[in-house]
Structures are given as structure tokens and as C-alpha cells.
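Single-structure report; data block below.
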Amino acid sequence: MSYLVFARKYRPQTLNDLVGQEHVSITLRNALTQGRVAQSFLFSGTRGVGKTSAARILAKMINCQNIKPGEDPCGKCLSCQEITVGNSLDVLEIDGASNRGIDEIRNLRDTVKFKPMSGLYKIIIIDEVHMLTGEAFNALLKTLEEPPAHVKFIFATTEAHKVPLTILSRCQRFQFRRIPTGAIVATLEAVSKKEGVKAEREALFVMARQAEGSLRDAESLFEQMISFSGRELKKEDVERSLGIPPHSALFSFVEAISKHEAKRVLELLEDLLARGEDAAFFVTGLLETFRALLLSEVMEQPGKLLEMSEESEEALRKLKGRFSKNDLFMILEALQELAWKVRRSANPRILVEVALLELASRESVESISALVSELRDLKKNDKSFPVPVNPEPAEQKSQAQPQKNFSNPKASSEPSVITPPKSAGSVSLRATAAFDIADFRTQWPEIVEAVKAVKISAGNFLAEAEPVAGDGKELVIGFPEHLRFHKEVFEKLENAELVRRAVIEKTGITSALKFVVLGRAYSTYGTAASGIDPAVRDRNAEEKVPDIITEAMNLFEGRILRKD
């Protein structure tokens, strides 16, 4: 007998043999037991999860001559044997990719008119049905609408969204799930025993993870590894053959990054690449490791989501607590961007080195947050604490510069200044204001409601604005850039007067009002009121500098030095 690959040799023959698809097995078995067999079925799901195998099993159950209610097909009758070997005249398997035209479907319509030769039903299995042309689907639709009583259709596809809704509505749909890594490992262990192969469980885990939920892919990898290593499979051999960085190496990287050991990180990378490891595989593996670390921080028992071996889970537990959740969020975002760049770079090594050095040299987000919080408290308690909003290079500070306007540099229109009459001059944002803008913001909702009580439309528009800054002479109220029309509404004297009266009534402040359009960097109270200069925030947003870093630069009169 010719050699059979494992995927065919160990193909499921009964519903109980389907791995990880219990919901499908139970439903089909109950439908047959109750005599509620649909006219058409659609099996959808990713590759290698058992769709075509389930179609053949269902065909055997429908036509088995000895089947009993609630049981599997006998596998011994003529119908079962013919379906198993694939030469049954009553079961027609069609490849939708190569028989996708209208002529093939017309021939099929002629074929289904004839009654089955030996079984109870003529069963049509169309694999990759989404590959049929639109005309072919239309030709098939008429047969599905009024099918002969002796015909059953079973469709299989990896892309159900490409199947027309008119076809889907006439089918019972079964969504096949991605097979869990643990279930794949258990199946590979059973296969290894039958084949007389001694395989480490860690090695099977590596293959199962690489299969990404596909049992067929895992069985193909298993067969490949036997050809590579013989009858004894070790984890190291599998990782070396597939070009996958070992988990132990990935954990070493995590530990070095947590200790800010930049030199150690480069040494580990050199060793890894010297062994021929793929840079893209490495970055993906490191990304998955930090993901696992994050899940272990937020969940007490993340084992089901991690899909790791016991050895890897133990190593992960030792690293728990090395990073805060905010740090892990930042690292995962950086690695995700790196993974995208590495796949498109002609020299990915440089990208990986720079990214790892940045991660190893980073400052903790938590420590910066605590420092900024302390400085905020200091500023709140001591009104004389100077907080410059527009940090500039030292060489520019020595020159006499006119004070900057409140409005954002990106604002497309000039600000409106409303009574008392005054020029639209600039106002300093140092902590020398006659009133505290932070306290004013707490009263802003009351001001909005007061305006609504007089004029609902004006109040609703004003609710989209926020106080930006102010001193004893002028109060600046800003609208987001996409709400320029709202700002124009308050350029009308009667609407501006409503706001001015509400401000006086609720706060006693008689400052002039200035209405401005803010740049895109402004969105909510927290953003516009944080005390960060709009120009600095806009520039840093483009360069992906976190807001908390920008605010820290503000407090310390710092700036980012660039090398042009």
C-alpha cells in the first residue's frame, strides 16, 4: 500500500473523532436522532479544523445501512466503505476552486435529478464554495430553492462572508472553531504512540503553537520533524528546524529589559541571530511573551489564554511584577509597530537593535507619573510656583519676544474678543492670574446650564466648548477645530452677552471673553486644561511623545533635542 500522510491516515471517521468541534458533533447527532436533517449545510471555519472530514462523516451517517439512532456510522457497510475511500457514486465531492463556472453547476443540476444508486440520498459536497462565480451561485440557487427530496447539499468554506446571502439563508450554518493548542498536543501524543515516536511534550507544544489552531498543519509539521530528527523528537530540534526562538531565550530578553541591561540585550540578540533565527519570528515571539506577561498581571489563572507549556508558565511566573501594566502597554505598542516595520525592511537587524535598546533604556511610566503628580500638588498648594507653558530654547529666551496668544497655532480663524472692549492682545499663562482657571472649570457646567435656561441652542453649542485660560482681564473659551461653526455663533453680540452674564452671575468674574478655535490636539477638559502649550502638544503628538512626557517637559522647562 502506498504511503499515506498523517493528515489522511488519521483523518476523523466519526463525530467523536472531530477534535475541538463538540458543538458541531452534538448538533448533527441530535438532528439525525430526531430525524431533522436539513436540506443544505454550510461548514465554515479556518483551514485544517475538520470541515471536509465532518462533511464525509455526515454523508456516512445519512446513508449508513446499519446506523442506529444516536450512534456513529458502522463503517462496515458498502456505503460507509465507499465513502471512506472516496469512490461512492451517491456522494459527489466537487472542488469549488476548479469547478467554479456556470457550466459545471448546470451539469450538477442535471446530475441531482437522478436518484441514488444504493444509499438513501444523493449527497453533493462542494469544498471552497466561496470560489464559485456569481453566475454559478445564481444557477445553484434555483436547485437550493426547490431541491429534489433525495438530495442533500453540504458546502465547506474558509471565507463564509463571500457566499451570497441568498445561499446562506437556505443553509444550516456551522462555524468550526480554531482548535485549542492543548487539544492539538493531545492528538499529536496519540499519533506519536501509534507511530512509535518518542516526542517531548515541549516539542509537541512548539508544533501545536505554530499550527495556529489547525490540526492538519500540526500533523504535517509532526511528520516533517520525524523526517528531520528520526524517532525521537526534542524541543531544541523542533525550534532549530522551524527557525523559532526558544522560550527560554525570549524570557532572557524580558529579564534583561526589566533590569535595563542594554548591553545584555545586544549580546542576547547577537547569539540569537548567529544561530540563524529569523528577526521577524523573534519579534513576534517577544510580542507574544510580553502579551503573556500582561495577561498574567491582570488574571489570576491565564493558562487557557496563554496556551503555554507548564515549563514556560513557571518561567513566566518568575517574571511577574517586573513591569507595571502601563509599562507593558507601552512595550506592546512599540513591539507591534516594530513587527510591522521588520517585515518590510531590507535590514531588519538595525530596527530590532534600536527598538530593544530603547526598551532597555526607557524610564518607567509610573515613576514619571508620580513625579508629575507631586509637581501638580506643589503648584496647587503654592500659587507662586512658576509653570511656563511655552518652553523655548535657551538661546531664544534671552531675546525679547512678544508674549504668545492663547489661540492654537493650528486655529484657522482669528479669535473673537467680547466685551468689555479691548484689543486682542496676548495674555501670559504664568501662575499670576487673578483667578484660578482650574476652579473656574469646575463651575463651567453651571455656566452652560445658565445659558441653556435662557437660550437652549446657545447652551448646547456652549457645552462643546471649554475654558482654556484666563487672567483678571481676559477669559479664553475654546471650541474643537471641527466645531468652527459653534465659535461663529458666539461671535454674535447677543449670544456672547448671554455667556458674559452667566459668567458674572455664577463666578463674579467680569473679564472680557475671547472665543477661539483650538487645534486638533484639544478634545476634552483633560487635554485642553492640562497646561500644555498647544504648539508643543501638536508637535509631540505627531512624534508619538506621550502626553505625560510632554507635561513633564512643561513643568521642568525642558525640550527634546534633535540631531538634524
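Read the figures in this text as sums done on the coordinates, not as results from a lab. Bear in mind that the values here come from a model prediction, so they are computed numbers and not experimental data. Reconstructed Cβ throughout: ideal geometry from the backbone, glycine too, with neighbour counts over all protein chains shown.
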>> What whole-number distance in Å separates the alpha-carbon centres of segment 145-214 and segment 1-46?
In response: 9
>> Residues of segment 121-137 with backbone nitrogen within less than 15 Å of a virtual label 7 Å along the Cα-to-Cβ line of residue 78, please, listed as ranges.
In response: 121
> Tell me, 247, 260 in order of fewest to most beta-carbon neighbours within 10 Å?
Replying inline: 260, 247
>> Among 206-212, 10-16, 176-182, how do they line up by average Cβ neighbours within 10 Å per residue, starting with the highest?
In response: 206-212, 176-182, 10-16
> For residue 505, what is the net charge nearby, where nearby means another residue's Cβ is under 12 Å from its Cβ and Lys, Arg count +1, Asp, Glu -1?
Replying inline: +1
>> Out of the trypsin sites (Lys or Arg not before Pro) in segment 104-148, which ones are loop residues according to DSSP with at most 15 other C-beta atoms within 10 Å?
In response: 113
> How much length, in nm to one decimal, is gained on full extension between residue 34 and residue 443, taken as 0.36 nm per residue of separation minus their Cα-Cα distance?
Replying inline: 140.4 nm
> What is the dipole size for segment 99-251, taken about its Cα centre, with +1 at each Lys and Arg Cβ and -1 at each Asp and Glu Cβ, in debye to the nearest 20?
Replying inline: 560
>> Once R0 is set to 56 Å, what does the formula 1/(1 + (r/R0)^6) return for the Cβ-Cβ distance between residue 358 and residue 115, expressed as a FRET efficiency to the nearest 0.05?
In response: 0.20
> Just in segment 21-82: which trypsin sites (Lys or Arg not before Pro) are loop by DSSP and have at most 11 other Cβ atoms within 10 Å?
Replying inline: 36, 76
> Taking the Cα centre of segment 6-175 as the origin, how large is its charge dipole in debye, to the nearest 20, when only Lys and Arg (+1) and Asp and Glu (-1) carry charge on their Cβ atoms?
Replying inline: 280
> Could you give the nm distance between label points at residue 68 and residue 212, where each point is 7 Å from its Cα heading toward the beta carbon?
Replying inline: 4.5
>> At a threshold of 8 angstrom on Cα-Cα distance, excluding pairs fewer than six apart, so keeping six or more, what relative contact order does segment 31-110 reach in percent?
In response: 19
> What is the gain in length, in nm to one decimal, between residue 150 and residue 19 on full extension, counting 0.36 nm per residue of separation less the C-alpha to C-alpha distance?
Replying inline: 44.1 nm
> For segment 82-130, what class follows from the C-alpha gyration tensor (a ≥ b ≥ c being the square roots of its eigenvalues): rounded when a/c is under 1.5, otherwise prolate if a/b is larger than b/c, else oblate?
Replying inline: oblate
> Rounded if a/c is under 1.5, else prolate if a/b is larger than b/c, else oblate: which is segment 247-361, with a ≥ b ≥ c the root eigenvalues of its Cα gyration tensor?
Replying inline: prolate
> Name the chymotrypsin sites (Phe, Trp or Tyr not before Pro) in segment 111-152 that are in a loop by DSSP and that have at most 14 other C-beta atoms within 10 Å, would you?
Replying inline: 114
> At a Förster radius of 60 Å, what calculated FRET efficiency corresponds to the Cβ-Cβ distance of residue 456 and residue 240, to the nearest 0.05?
Replying inline: 0.25
> Can you tell which of 321, 282, 342 lies farthest toward the positive end of the dipole of segment 247-361, using +1 and -1 charges on the Cβ of basic and acidic side chains (Lys, Arg; Asp, Glu)?
Replying inline: 342
> In nm, what is the difference between 0.36 nm times the number of residues separating residue 193 and residue 322 and their Cα-Cα distance?
Replying inline: 42.4 nm
> Hey, which of these cross-link pairs are over 29 Å Cα-Cα: 455/514; 76/235; 162/235?
Replying inline: 76/235; 162/235
> How high is the FRET efficiency from residue 135 to residue 275, r the C-beta distance, R0 60 Å, rounded to 0.05?
Replying inline: 0.65
